[in-house]
Structures are given as C-alpha cells and as structure tokens.
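Below is one structure, written out as structure tokens; comments come after it.
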Amino acid sequence: LRSYGSDTRIPTVAAVLDLIRERGTVSRVELAEATGLTQATMTHTVRKLLEMGFVHEVGKAPSHGGGPRRLVELQPEASYQVGIQFDRYTAVGVVIDLAGRIVVRRDLRRVGDRHPEDVLPEYAEAVASMLDSASIPREKVLGIGLATYGPQDREKGVLLTPQPTPSWQEYPLVAKLQEDTGLPVALENDATAAGIGVRVEATAASNFAVVFMSGGIGAGVIIDGFPYRGATSNGVELGHISVDALGPRCACGNRGCLDRIAGPASVTEQAMGNRSLVSRLGLGKDDLTDFLAIGRAARSGDAESESLIAGSKQRLAIATVSLVNLFDVSRVVLAGAAFAEFGDVYRDALQEVLDESVFMRHVHSVQVQLAERPADAPAVGAAMVVLRNLLEAPSEPPIPAP
Ligand SMILES: [Zn+2]
C-alpha cells in the first residue's frame, strides 16, 4: 500500500476501505501502521467511513500499553454496486455488496450486431430485475459500472471505437443508461475492470498484471492497488503490441499486432481456412464460440486445433514477457471469457515462457494464475469502479441514506 502522507482526501479513503475489507476486524492503530498514515489521518478517515455507514465499531481489543484499541469492521450490506460487462460475444451482469461478494449474477444477452438503443433498455431492465430478485432497495445502490471495449472517453461516457458495432462509437452510453435506470453509471475498459475485479478476489498482492482475453486481447496493470491508467485511461493495450514487425497490418495502423495474429478472431480465421476442421468442430458461429470449440478440441488431442492454440499461446506468452519487463510485476492473472474453459492451458504455457525469459527472473519469480472466475472478473471490477469513483471524487463523498 502506498503512503499518501497527510492527504486525507483520496485515494486514502478507498485504500483504507480496501484494507479493512482485506483484514476483517481491525483497529485504527493497525490501519495506521499498515498504511504509513498518521494516527490523526486514520482517525479522520475511519470517521468518514463510519459516517458513510461503510464500516462499524465492533468492540475493543486489549493492547500492549495504552488503552484498549477500538475495532472496526466492514458493513457488507451497507451498499451494493451493479457491474455489467458486455461485448459482441458475451454479456454478464452482477450485483456485489461492499465486501465484493457476488449477490446476484446473470448471463445477459450479448450485443452481437445490435444498436445501443436496442441493447441498453434491455440492460436497464436486467438491472432492475437483479436488484428486485435480491430485495435490494434502490437507495442502497451506489450505481452501475460498465466494462467494455476501449478506447473510451470515461469522462464523457462514450466509446471511441466502432465496437461492438459502429453504432456504439460516440453514442451517449452512460447518459442513456443513467436516464433509463436513475442510477449513476461509470464506464471502464474491460481489461482494467478485470484487474480491479481480480483484486477483489485475492487482495494480498496489490502489484500485478491482468492479461485479458474475450473477443480480443487486452491487459491491465494494478500498481499499489490502483489501476495504471495512462494519459487518457487507455493504457496497456497488450493486443496492439507487435509480436512480428513484418506481420500483417492491423486496423490500428501497427504491424503484427498480438490480437491480429494470436487473438480468438485470428485463431478462428485460421481455422476457417481448413474445411475438414470447420466441419469437424461445427465452426462458423462467432469468433469467441468458435475459439472455445477449437480450444476444447485441442485439449482433447485434436492435432490441428492443438497447433492453432500453440501458436496463440506462444505469441501471447512473448507479449506477456514484454508486459512483465515493462512493469516489473511479480504476478500475472488471466481473466476474460476466452480463458473460462481452458485457461489453465494458457497459464501453463505462459508460466514456462516467463520462467525462462523474464529479465528479472533471477531477482524474483513471476507467478501466472487463472482468475477464480475468469468470465465474471470484468463485471465484478466494473461494479467496484462505482465505489472507487465515489470515494476518489475530489469533493466530499455524499453520505448514502442509512
Ligand atoms: Zn493493432
């Protein structure tokens, strides 16, 4: 955890709340020691969290010298956040409590070729229905986080990319969903959201990278518990790192981009050129569904599928070495729907390549692991973004109704 000196604003409040979530029952003294903040700052910060109803006092513990220490604990049902991850191929909705636990989870209808005006009312209805199913009152809901394609303008709440379809580019996504639901809506890059979602799962290591693969490849880097955002919140575009300087031109303008030659769309495209493979696996649905079919076939020993997946794994591993070398992380987590069924195959391949190629391997090892719920991590992370936005706002966070 980074020390923020005497700055009692932000991101102190968010960091302290994270720490309380991690430690369970904890005293202000322990929190001050763990963060390097002064006692006075910690007292002020905890008071703020008490006022918001996010934590509560749970008695006293004896201490060595001095008076007994008053203990605080998270109040998990004090507030709830909604997260939706969507792209062309998948859509997942979750409601989580303040502890980051999933209270409701739904598979939503994917975007496919549809226009936002067809999709957003449907998602608004899903939000209402998820909240109703868990009897969560609206006033306890902090808002909705949306995780999807980048680049984005998070402040304007619009996508700057013609994905999932061109009709989504510059569409007032956030404003429209706010209007439809009456709740605050925040936008987040899906790979960054996955990083935040994974942090909720396993909070111990706060410096790590997430390699994200759904319809495409992305990545996120979490430094001292906070996502690395770059100048415009569009950092760590792993899918557009070149792994072949003489490779095919990518839509982004670069050559031999990782996503263009190793992502699900590329693996599927290569498979489509092999007629016997297409009929054997029943390919021709969509890039992600086909990719998952190829991965399953590879796992059960289909040689042609194995060779396609091997090429994808190898290139993803080489790009991940660059990612680790740039940010010096000691952990890489795999998340996203494309890792849901055979992510362990990628995990093992990445581990092997990282063990022999990472520049820093003689100083520290780098562990590759699969997210506990690879397909849900972005939705969970998007939900957490709502809380973070509230706590990291420059003004005093509003106190939710008790
Ligand atoms: Zn590219």
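Here are the numbers for the structure shown:
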| read-out | value |
| --- | --- |
| The range 257-272, residues that are of a type in the set (D, E, K, R) and over 14 Å from Gly284 (Cβ atoms) | Asp259, Arg260 |
| Checklist (1) within 16 Å of the ligand (Cβ to nearest atom); (2) within 19 Å of the chain's Cα centre (by Cα) applied to Phe208, failing item | (1) |
| Test: residue in the range 107-118 that is of a type in the set (Val, Ile, Thr), more than 19 Å from Ala194 (Cβ to Cβ) and surrounded by 19 or more Cβ atoms within 10 Å (Cβ to Cβ) | no |
| Hey, Ile294 more than 16 Å from the ligand (Cβ to nearest atom), farther than 30 Å from Glu392 by Cβ, in contact (Cβ under 8 Å) with a residue 12 or more places away in the chain and buried (at least 20 other Cβ atoms within 10 Å of the Cβ) or not | yes |
| So Leu370, is it buried (at least 23 other Cβ atoms within 10 Å of the Cβ) and at pLDDT 95 or above | no |
| Odd one out for Ile217, checked against (1) within 23 Å of Ala377 (Cα to Cα); (2) β-branched (Val, Ile, Thr); (3) away from the ligand (no atom under 15 Å from the Cβ) | (3) |
| Sole exception among (1) crowded, with 16+ Cβ neighbours inside 10 Å; (2) touching a residue at least 24 places away in the same chain (Cβ under 8 Å); (3) more than 16 Å from Ala193 (Cα to Cα) for Val94, by number | (3) |
| Matching entry among Glu188, Glu179 (being closer than 26 Å to Thr289 by Cβ and either modelled with pLDDT of 95 or more or surrounded by fewer than 21 Cβ atoms within 10 Å (Cβ to Cβ) (or both)) | Glu188 |
| Members of the range 84-127 found to be closer than 30 Å to Glu22 by Cα and of a type in the set (Lys, Arg), listed by number | Arg101, Arg105, Arg106 |
| Residue ID - farthest from the ligand (Cβ to nearest atom), chosen from residues in the range 229-249 that are under 20 Å from Leu326 (Cβ atoms) and either over 24 Å from the mean Cα position of the chain (by Cα) or surrounded by fewer than 17 Cβ atoms within 10 Å (Cβ to Cβ) (or both) | Arg229 |
| Condition broken by Ala393, with the remaining ones in (1) within 28 Å of Gly145 (Cβ to Cβ); (2) modelled with pLDDT of 95 or more; (3) surrounded by fewer than 23 Cβ atoms within 10 Å (Cβ to Cβ) satisfied | (2) |
| Test: residue in the range 52-60 that is on the phi > 0 side of the Ramachandran plot, of a type outside the set (Phe, Trp, Tyr) and more than 27 Å from the chain's Cα centre (by Cα) | yes |
| Test for Glu117: is it among the acidic types (Asp, Glu) and free of Cβ contacts under 8 Å to residues at least 60 places away in the same chain | yes |
| Glu306 being within 16 Å of the ligand (Cβ to nearest atom), part of a helix (DSSP H, G or I) and among the acidic types (Asp, Glu) | no |
| Leading residue by the ranking (nearest to Gln163 (Cα to Cα)) among those in the range 250-285 that are surrounded by 12 or more Cβ atoms within 10 Å (Cβ to Cβ), aliphatic (A, V, I, L, M) and within 15 Å of the ligand (Cβ to nearest atom) | Ala265 |
| Residue ID - farthest from Glu77 (Cα to Cα), chosen from residues in the range 112-155 that are assigned to a loop (DSSP other than H, G, I, E, B) and more than 23 Å from the chain's Cα centre (by Cα) | Asp113 |
| Test result for Val329, under 26 Å from the mean Cα position of the chain (by Cα) and within 16 Å of Ile217 (Cα to Cα) | no |
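The values are calculated or read from the model by the stated rules, or taken from the named source; none is laboratory data. Keep in mind it's a predicted model, so treat the numbers as computed, not measured. Because the Cβ atoms are built from the backbone with ideal geometry, glycine has one as well, and the counts that use them run over all protein chains shown.
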